[in-house]
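Colleague: The structure is given below, and queries will be raised subsequently.
Bear in mind that the values in this text are calculations on the coordinates, not laboratory data. All of these numbers come straight from a predicted model, not from anything done at the bench. All Cβ positions, glycine included, derive from the backbone under ideal geometry; neighbour counts span all protein chains shown.
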Amino acid sequence: MTEPVLAFVHTIDSNIAAFDAMIGELAPGTPVRHALRDDLLKEALDAGELTGDIRARTAEAVVAEAEKGAALLLCTCSTIGPGADDAAQRTATPVLRIARPMAEEAVSRGTRIGVAATLATTLGPTMDLLSEAAEKAGREVALTPAVYGEARDKLMAGDMEGYVRIIADGLRETAKACDVIVLAQASMAPALDLCSDITVPILTSPRSGLAAAVESYRKIRAAG
């Protein structure tokens, strides 16, 4: 019998190699399967938001992947995350969002939370997760969104150095009014190499989200 896999739905191709590398560190030997749906993110960016239609098609895509022999599925894109939540209500396979553990940690570490992004479409879903986490924890938080749009232009032009520099500069400004900052996109994490002078905690989603998924996957396999 084929062993059930830990499945992923990505919207950025480079995330496949990045998560394979992290799996190699956190859970070597774990069978994984990746699905790339960059079309969903592109459409959301073109529309300027996660429309009802894109959200519905995201849910359909996630359910389809989850039911192809997956023990658990992890959605690694914040923009389409609400569609993954919808999918979780329609399949017996557990569906997780990459940013949820980060949101829970942020709420536990401060009440003034900066939400940094280079894509405006990721702000709403990430802020909603933070609000949910705060309500669950019984805490009141103030969310401060910050979009570094110029960084996205650098990334699209292939200027990674410029991309991370603009993010790092933006984080320094955001940190002045916050107890903790969350990065709404996994692709922003390399900028942290330039942020050693920032004393405010800056949280990223990939490793914490994957660690939570691996823990859940192991529990499911042990029980089954």
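Colleague: For ALA223 and ARG172 in one chain, what is 0.36 nm times their gap in residues minus the Cα-Cα distance, to one decimal in nm?
Modeller: This chain segment gains 13.8 nm when fully extended.
Colleague: Output the relative contact order of region 100-204, whole-number percent, from Cα pairs under 8 angstrom with separation of 6+ residues.
Modeller: The normalised contact order for region 100-204 reaches 34 percent.
Colleague: Okay, next question. Would you mind computing, in nm to one decimal, how far apart the modelled labels at THR111 and GLN89 are, each placed 7 Å from Cα along Cα→Cβ?
Modeller: It is 3.2 nm.
Colleague: Over its Cα atoms, what ratio of radius of gyration to 2.2 N^0.38 Å does the chain give?
Modeller: 0.99
Colleague: If the reach is capped at under 21 angstrom between alpha carbons, list the lysines near LYS68, excluding any in the same chain fewer than eight residues apart.
Modeller: LYS68 reaches LYS219.
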